[in-house]
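S.K.: Here it is: the structure, laid out below.
What follows is calculated from the coordinates using simple rules that are stated; it is not laboratory data. Keep in mind that this is a model prediction, so the values were computed, not measured. Virtual Cβ from ideal backbone geometry, glycine too; neighbours counted across all protein chains shown.
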Amino acid sequence: MPLPPETGPALDAASPLPPDLPAADEPTRVPLALEDWATVAIMGLLACITFANVLVRYFTDSSFAWTEEFSVFLMILLAMVAGSAAVARDRHIRIEYFSEGGSMARRRRLAQFGAAMVALLFFLIAGLSVRMVWDDYRFEETSPGIGVPQWWYSIWLPIVSTAIALRACGLFKRRGRRDARDEGSAE
C-alpha cells in the first residue's frame with residue numbers, strides 16, 4: 001500500500017519513480033533478455049568454477065591452474081555484457097547535473113549525443129580489436145596460464161563491443177522517435 005504523500009519519498013524531476021518501484025524497460029527490437037540471460041550464465045559459471053576450486057584446494061591442497069585465467073576472462077565478459085544492458089536501458093554513467101538540467105528538448109538532445117558518442121567509441125573499439133584478434137590468430141599467440149589460443153578470449157571483444165554500439169544506436173533512435181512524437185503532440 002502506498003504511503004500518503006506527506007510521508008512518502010519526495011519526487012522531483014531527477015527521480016521519476018520512487019525507489020521502491022521498478023522502472024519498466026523500454027521496448028527494443030532485440031530483447032534485453034539476451035543480456036540478462038548471458039549475465040546469469042556467466043555468473044553461474046563463475047560461481048561453479050570458484051566453488052570447484054575451493055573444494056579442490058580444501059581437499060587436496062592444490063588448485064585448478066586454469067580457474068584464475070578463465071575467471072578473469074569471464075569477469076571481463078560479464079562487464080561488457082552488463083555494459084550492453086546498461087546502454088540499452090539508458091542506465092550508463094553520466095553527470096546528472098548536466099543531463100537532468102534544462103528543458104526536455106535539451107535533455108533529449110544530450111541523451112542522443114551521449115548515445116551517439118557511446119556508439120562511436122564502441123564501433124571504434126570493435127574495429128581496432130578485430131586487428132588484435134587477427135594478430136592473435138595469425139601469430140598463434142597462446143594464453144599465459146594454460147596455453148590455449150589467445151584468440152579464444154579476444155574474439156569476444158569485437159563481438160560484444162559491436163553489440164554495445166548497436167544498443168547505443170537503438171537508444172539514439174528511440175530518443176529521436178520520442179522527441180519527434182513529443183513535438184507532434186505539442187502542436
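S.K.: Once all Cα-Cα distances of the range 40-182 are split into 5 Å bins that start at 0, what whole-number percent is in each one?
M.R.: Bin by bin from 0 Å, the calculated values are 2, 9, 14, 15, 14, 12, 10, 8, 6, 4, 3, 1, 0, 0.
S.K.: How high is the relative contact order of the range 73-187, in percent, with contacts defined as C-alpha pairs under 8 Å that are six or more residues apart?
M.R.: In percent, rounded to a whole number, it is 37.
S.K.: What's the FRET efficiency of E141 with E68 using the Cβ-Cβ distance as r and R₀ = 25 Å, to the nearest 0.05?
M.R.: Calculated transfer efficiency: 0.85.
S.K.: Please give the contour-minus-distance gain from L128 to S103: 0.36 nm per residue of separation, less the Cα-Cα distance, rounded to one decimal in nm.
M.R.: 5.2 nm
S.K.: Still on this model: For T142, what residues show an amide H to amide H distance below 5 Å, using hydrogens built from the backbone and excluding near sequence neighbours?
M.R.: Sorted by chain and number, the residues that satisfy this are Q150.
S.K.: Next up: Taking 7 Å along the Cα-to-C-beta vector as the label spot, tell me the R177-L120 distance in nanometres, rounded to one decimal.
M.R.: Modelled inter-label distance: 2.5 nm.
S.K.: Hey, quick one: spin label on A52, modelled 7 Å out along Cα-Cβ, who in the range 131-163 has an amide N within reach, i.e. under 18 Å?
M.R.: Correct set: 145-149, 153.
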